[in-house]
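Here's the structure we're looking at; comments come further down.
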Amino acid sequence: MINEILILLAIGICAGILSGLLGVGGGTVIVPSLVFFMGMNQHEAQGTSLALMLLPIGLWATKKYHDKGAVNIKFAMILAGAFVLGSFAGAKISLNLDEVQIKRTFAMVLIAIALKTLLFDLRKKD
């Protein structure tokens with residue numbers, strides 16, 4: 001339980017930092033992290049990611065995922081709190097970097113996510 005919370009806090013903070021730094025978050029950081037580190041399936045990870053941003057972004061989409069049992073509300077709440085803190089830190093860092101540094105960092109993050117998604121699925125197979 002504590003381990004789960006610590007992992008979720010780390011995911012939320014990292015996603016928040018990257019959101020503030022590069023404008024990425026849910027689909028590029030949280031969803032793959034929930035699949036990789038928490039062992040969620042893709043639908044549950046997507047539903048949980050939407051739930052953490054429920055009111056501003058995904059109310060109706062989250063309802064559809066929730067209706068199918070693919071949202072973990074507890075995880076979404078923990079991630080949301082950590083995401084707020086991380087996004088503040090990421091924004092502060094981003095504002096101290098020039099545009100070229102931000103573009104290169106953004107590209108490297110996307111390439112790393114793409115390579116992991118295409119080549120390395122380390123989750124346990126059922």
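FYI, it's all coordinate maths here, none of it is from the lab. It should be emphasised that the depicted structure is a prediction, and the values quoted were computed from it without experimental measurement. Cβ: placed from backbone, ideal geometry, glycine included. Neighbour counts: every protein chain shown.
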Query raised in the report: With each pseudo-label sitting 7 Å past Cα toward Cβ, what's the residue 84-residue 104 distance in nm, one decimal?
Result: 3.5 nm
Query raised in the report: Lys pairs in segment 2-119, Cα-Cα under 30 Å, at least 8 apart or on separate chains: how many?
Result: 10
Report summary line: Under a Gaussian network model of the chain whose springs join Cα atoms within less than 10 Å, the largest fluctuation of 11, 73, 30 belongs to 73
Query raised in the report: For the residue pair residue 73 and residue 7, what label-to-label distance in nm results when each label sits 7 Å from Cα along the Cα-to-beta-carbon direction?
Result: 2.2 nm
Report task. May I ask you to list, by number, the DSSP H helices of the chain whose Cα span along the axis is at least 27 Å and whose average Kyte-Doolittle hydropathy reaches -1.0 or more? Result -> 2-22, 73-94, 99-119
Query - Fluctuation leader among 89, 76, 61 - the chain, Gaussian network, Cα springs under 10 angstrom - result: 61
Requested in this report: Provide, as a two-decimal number, the C-alpha radius of gyration of the chain over 2.2 N^0.38 Å, N being how many residues it has.
Outcome: 1.05
